[in-house]
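Step one of this worksheet: look at the structure below.
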Amino acid sequence: MQDFTYNGIATRVVFGNGASEGLSAEIDRLGCRRALILSTPQQAEQAAQLAEAIDGRSVALFSNATMHTPVAVTDDAMAVVNDNAVDLIISIGGGSTIGLGKAIALRTDLPQIVLPTTYAGSEMTSIIGQTENGRKTTQVTPRVQPEVVIYDVDLTLSLPAGMSGTSGINALAHAVEALYARDRNPVIDLMAQEAVRAMAQSLPRIAQDPGDRDARAQALYGAWLCGICLGSTGVALHHKLCHVVGGTFDLPHAETHSIILPHALAYNAPSVPAAMARLSAALDHDDAPLALWNLASAVGAPRGLRDLGLSREDAARVPELALENPYWNPRPLERSGLDGLMARAWAGEAPIQE
Ligand code: NAD
């Protein structure tokens, strides 16, 4: 057996249908009395309902959380924190809202209770990305790790079917790459395999019926595990390609992940037999990249990068850009293999293991 290091996550997790009913008890448990509730403008109503439900334990709402955590928005929220002597941050929403809560925690060390409503998984990581003057910088620090996460399945029922599918496959990509990460370990292997199984079985059911509570519970459970994978191990080729495509050509994050994942996995497959065996078991298919490609289709995700508006010429530039500053990868990065991978991902063709 290979030597390993495992860092446990100290966050308390409460999971269930209607789990947010326990929010007041969680606030009291932390000994807090003056919460600030964060959301996006789109979820301001949900945040207001939460404020009402916790009966005098909140002192303010801030409903301007924005994608990629702009520093100017955090400055505005900090004014609310200081004016109201806030002693707790409550974030209800996806990665954008959770990012704002983390940015406040980074500056103040205030405790956080998070109620995730997407499958992005930020609540399980000590990673924070912030944007200033058009530049995104990322840091990893335990200061931003939330103290409590309440996974209330009911809060995810309103996530639109299309976004549920791509957000779910984006999460699944974290588990897939955790299985062959340089710093993988046996505990994360178990979680990643179970995460892939839970996501792959639930996402097509949600695409058919977004109100299916049992499928929603499975997906949220899977998303929790995927978040732990992201927070615990490094990433490789798949994430590198997505960062290049997303960062350079401004393509949507979750859709890009769902298109590239089968192809990146097919590239790495010959070098990671143990990971492929776990994935085949989780996906109940002897060709895991093809099973992921079929899954993307079942949830209605776009097929190829050209469907997102990327030109063939720009797609052809991606391997060169990725090779300029590569991430560690289990299979050495070879130009010809990456060219073929990107050509197929652009055209929306099935993945090929070469
Ligand atoms: P998001 O938080 O940007 O949400 C997208 C939109 O969907 C928002 O308008 C939101 O209000 C709405 N929404 C969310 N949940 C809903 C629900 N249940 N019903 C109806 N509408 C809902 O999307 P996201 O994909 O969760 O987060 C993306 C951001 O998170 C990116 O900035 C990404 O970089 C970041 N992220 C960070 C980490 C980390 O570890 N730091 C991990 C994953 C993602």
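Structure data summary
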read-out: Cβ-Cβ under 6 Å pairs, at least 6 apart or on other chains, the stretch 185-214 side in the same structural domain as CYS226 (by TED's automatic domain parsing) and touching a residue at least 60 places away in the same chain (Cβ under 8 Å), far side in a loop (DSSP other than H, G, I, E, B) and open to solvent by 50 Å² or more (accessible area, probe 1.4 Å); value: ASN185/PHE4; ASN185/TYR6; VAL187/TYR6; ALA207/GLY300
read-out: Residue within the stretch 140-152 that is part of a helix (DSSP H, G or I) and either in contact with a Gly (Cβ under 8 Å, 6 or more places away or on another chain) or surrounded by 24 or more Cβ atoms within 10 Å (Cβ to Cβ) (or both) present; value: no
read-out: Residue check, ALA120 within 11 Å of the ligand (Cβ to nearest atom) and in a loop (DSSP other than H, G, I, E, B); value: yes
read-out: Helices (runs of 4 or more DSSP H) enclosed by the stretch 257-354 - at least 1 residues per element that are aromatic (Phe, Trp, Tyr); value: 288-298, 335-347
read-out: Qualifying position, being under 16 Å from ILE104 (Cβ atoms) and either open to solvent by less than 30 Å² (accessible area, probe 1.4 Å) or in a helix (DSSP H, G or I) (or both), among ILE169, ILE128; value: ILE128
read-out: Condition broken by GLY222, with the remaining ones in (1) closer than 17 Å to THR166 by Cβ; (2) in contact with a Leu (Cβ under 8 Å, 6 or more places away or on another chain); (3) away from the ligand (no atom under 16 Å from the Cβ) satisfied; value: (3)
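The rows are residues; the columns are (1) free of Cβ contacts under 8 Å to residues at least 40 places away in the same chain; (2) open to solvent by less than 50 Å² (accessible area, probe 1.4 Å); (3) not aromatic (Phe, Trp, Tyr).
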position: ALA275; (1), (2), (3): no, yes, yes
position: LEU279; (1), (2), (3): no, yes, yes
position: LEU283; (1), (2), (3): no, yes, yes
position: GLY300; (1), (2), (3): no, no, yes
position: ARG312; (1), (2), (3): yes, no, yes
position: PRO332; (1), (2), (3): yes, no, yes
position: LEU341; (1), (2), (3): no, yes, yes
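The values are calculated or read from the model by the stated rules, or taken from the named source; none is laboratory data. In this text the structure is predicted, and so the values were computed from the model without any measurement. No Cβ is skipped: glycine too gets one built from the backbone with ideal geometry, and neighbour counts run over all protein chains shown. Surface accessibility is based on the protein's heavy atoms, side chains included, excluding ligands, DNA and RNA. Shrake-Rupley method; radii C 1.70, N 1.55, O 1.52, S 1.80 Å.
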